[in-house]
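Working notes for the structure below.
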Amino acid sequence: MILIVDDAPENIISLKKVLEVNGFEVDTASSGEEALKKILKKSYVLIILDVQMPEMDGFEVAEAISGYSKAKETAIIFLSAAIANVNLITRGYSSGGLDYISKPVDMNILLLKVKTFYRIYEQSRALNEMQTKLLEEIEFRKEAERKKDEFISIASHELKTPMTSIKGYIQLLERSLDKEDLETTRIRLHKVQNQVEKLNLLVADLLDISKIESGKLKFNKKYFNFDKILDHIVEIMQQANPKVKFIKKGGIDTEIFGDEMRIEQVIINFMTNAIKYAPDSDEVHLTAERRGDEIYFSVRDFGIGMAKEHQPQIFDKFYRVEETSERYQGLGIGLYICQEIIERHEGKIGVNSEPDEGSEFYFTIPLHPEMDAKP
Ligand code: ADP
């Protein structure tokens with residue numbers, strides 16, 4: 001917007017008209033004081049300032065506003081008969097731009113100057129915006145870099161733990177073999193297998209993350225029996241965790257459409273977390289049921305639970321509840337992968353949890369997904 005400051009109403013009217021006809025928004029002030037008040041409240045791109053005004057002249061107004069932060073980018077065009085005076089003030093002035101036009105005003109020259117100032121203003125605004133964006137982007141890189149470093153250090157640690165155990169058990173295995181102690185050999189071999197399985201799962205999760213990032217996580221969907229795979233998973237989990245009681249409720253009783261292996265992965269992830277984050281409890285409840293035209297599956301534990309503020313974030317990549325992250329090993333990527341899998345089945349994933357009372361992780365999947373849904 002342009003502010004015209006002139007004590008002669010007839011000058012204001014004619015200037016305003018010309019500028020408005022040319023598409024500029026115009027505000028007016030009939031004295032230096034009125035102009036200062038307006039400039040304090042509003043930002044102007046340009047002020048057209050009559051030099052000869054009673055009480056406060058145009059130069060005094062310019063001096064006064066040179067200290068206003070709102071007028072930092074504002075340009076001024078003086079209207080003056082005395083060009084020498086304008087040159088004097090131009091030297092000491094540090095605002096966005098200064099110029100003058102001698103009276104009587106040649107409207108064509110005025111318009112040319114106004115347009116030039118506007119162009120400069122637009123360009124410098126665009127430059128400022130670009131600079132801000134660039135700075136934000138640099139910060140965002142930096143942040144991504146920091147997260148990546150942190151992830152690599154946690155991931156290496158997580159990989160190293162089972163590796164070290166494997167190395168240790170293999171040394172022990174050699175000893176029990178030397179002694180021809182078959183029973184101990186079998187126990188140790190079993191332990192090595194467990195650690196290898198842990199490693200395998202970790203590496204598979206890491207691969208999944210990179211597939212999600214590059215949009216290459218593929219699904220092989222067909223109809224399968226949900227109840228059957230659930231029974232199978234419970235059997236395997238029971239073998240690996242003999243002390244835990246898995247209590248199953250409900251059943252789906254019909255085939256569902258999806259990627260069996262990936263759905264299995266989500267169920268195992270929920271169950272593994274239910275055991276990991278509930279070290280003092282030995283019960284895990286599983287519910288599978290049809291709700292309208294979707295299936296609902298949940299895993300409920302009676303473990304550490306979590307505060308409400310964490311619940312929307314635990315499905316984010318690398319997010320771990322900080323208060324407990326030292327006590328429980330993990331990478332914070334399992335639930336992120338689960339979320340991706342369920343969303344790619346047009347389903348929903350969620351959690352209900354209370355600190356110290358336990359958590360219930362659930363997902364829903366439509367029984368009859370759209371036939372033209374993404375593969
Ligand atoms: P990880 O267990 O490897 O950290 P996840 O993505 O599976 O990664 O889980 C993310 C975070 O959610 C965990 O770090 C933990 O803070 C929280 N969490 C997951 N499952 C449970 C649970 N059953 N009870 C309490 N907190 C959980």
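Just to be sure I understand: with springs between alpha-carbon atoms less than 10 Å apart, which residue in Leu15, Leu172, Leu286 has the highest mean-square fluctuation in the Gaussian network model of the chain?
Leu15
Going toward the positive end of the dipole of region 2-105, with +1 on Lys and Arg Cβ and -1 on Asp and Glu Cβ, which of Phe24, Val51, Ala35 do you reach last?
Comparing the listed Cα positions along the dipole, Phe24 ranks first.
Nearest 5 percent is fine: what portion of the DSSP beta bridges confined to region 184-337 is antiparallel?
Values: 11 of 17 bridges.
So the antiparallel bridges in region 184-337 amount to around 65 percent.
Quick one: helix 182-213 against the long Cα principal axis of the chain, what's the angle to the nearest 10°, folded into 0 to 90?
Between the helix axis and the principal axis of the chain, the angle is about 30 degrees.
Report, largest value first, the span of the C-alpha coordinates of region 142-214 along each principal axis, in whole Å.
In descending order, the Cα extents are 56, 20, 11 Å.
Can you tell me the orientation of helix 107-178 relative to the chain, as the angle in degrees between its alpha-carbon axis and the longest Cα principal axis, to the nearest 10?
On a 0 to 90 degree scale, this one is about 20.
Could you list the GluC sites (Glu not before Pro) in region 175-215 that lie in coil according to DSSP, counting only those with at most 10 other Cβ atoms within 10 Å of their Cβ? Intermediate values should be presented prior to the final figure.
On the way: sites: Glu180, Glu183, Glu197, Glu213; in loops: Glu180.
Passing sites in region 175-215 are Glu180.
Please go through region 279-346 and write out the trypsin sites (Lys or Arg not before Pro) that DSSP classes as loop and that have at most 10 other C-beta atoms within 10 Å. Please report the intermediate quantities before stating the final value.
Values: sites: Arg290, Arg291, Arg300, Lys308, Lys317, Arg320, Arg327, Arg344; in loops: Lys317, Arg320, Arg327, Arg344.
Answer by residue number: Arg327.
If I take the Cα coordinates of the chain and project them onto the principal axes, what are the three extents in Å, biggest first?
Extents along the principal axes, in whole Å: 112, 53, 37.
How large is the direction-averaged shadow of the alpha-carbon convex hull of region 181-244, in nm²?
Result: a mean projected hull area of 6.6 nm².
Only Cα pairs within less than 10 Å get springs; with that Gaussian network setup on the chain, which residue of Lys228, Lys245, Lys113 has the largest fluctuation?
Lys113
Kindly express, to the nearest 10 degrees and within the range 0 to 90, the angle between helix 32-41's C-alpha long axis and the longest C-alpha principal axis of the chain.
10 degrees
Which whole-number percent of Cα pairs in region 2-105 have a distance greater than 15 Å?
58 percent
Could you compute the net charge surrounding Lys115? Neighbours are other residues with a C-beta less than 15 Å from the C-beta of Lys115; K and R count +1, D and E count -1. Please list the in-between numbers first.
Numbers: positive: Lys113, Arg119; negative: Glu20, Glu25, Asp99, Asp106, Glu122.
Neighbour charge sum, excluding Lys115 itself: -3.
Where the only charges are on Cβ atoms (+1 Lys, Arg; -1 Asp, Glu), what is the dipole of the chain about its Cα centre, to the nearest 20 debye?
Charge dipole, the chain, about its Cα centre: 860 debye, nearest 20.
Enumerate by residue number the GluC sites (Glu not before Pro) in region 22-58 meeting two conditions: DSSP loop (anything except H, G, I, E, B), and at most 13 other Cβ atoms within 10 Å of the site's Cβ.
Glu25, Glu55
For region 222-366, with the dipole built from +1 on Lys and Arg beta-carbon atoms and -1 on Asp and Glu ones, taken about the Cα centre, which of Ile341, Phe270, Ile233 lies farthest toward the positive end?
Of the options given, the answer is Ile233.
In square nanometres, what is one fourth of the surface area of the convex hull spanned by the alpha carbons of region 238-371?
Working: hull surface 33.5 nm².
So the Cα hull casts an average projection of 8.4 nm².
Can you give me the Cα centroid spacing of region 269-292 and region 1-58 in angstrom?
Taking the Cα centre of each part, region 269-292 and region 1-58 sit 73 Å apart.
Of all beta bridges DSSP finds with both residues in the chain, what is the antiparallel percent, to the nearest 5?
Values: 25 of 50 bridges.
About 50 percent, rounded to the nearest 5.
Starting from 0.36 nm per residue, how many nanometres of slack lie between Arg290 and Ala307 once their C-alpha separation is accounted for? If you can, show how the numbers build up before the last one.
Values: separation 17, 0.36 × 17 = 6.12 nm, distance 2.92 nm.
Working it through step by step, the gained length comes to 3.2 nm.
Readers should treat all values here as calculations from the given coordinates under stated rules, not as data from a laboratory. None of these values were measured; they are calculated from a predicted model. All Cβ positions, glycine included, derive from the backbone under ideal geometry; neighbour counts span all protein chains shown.
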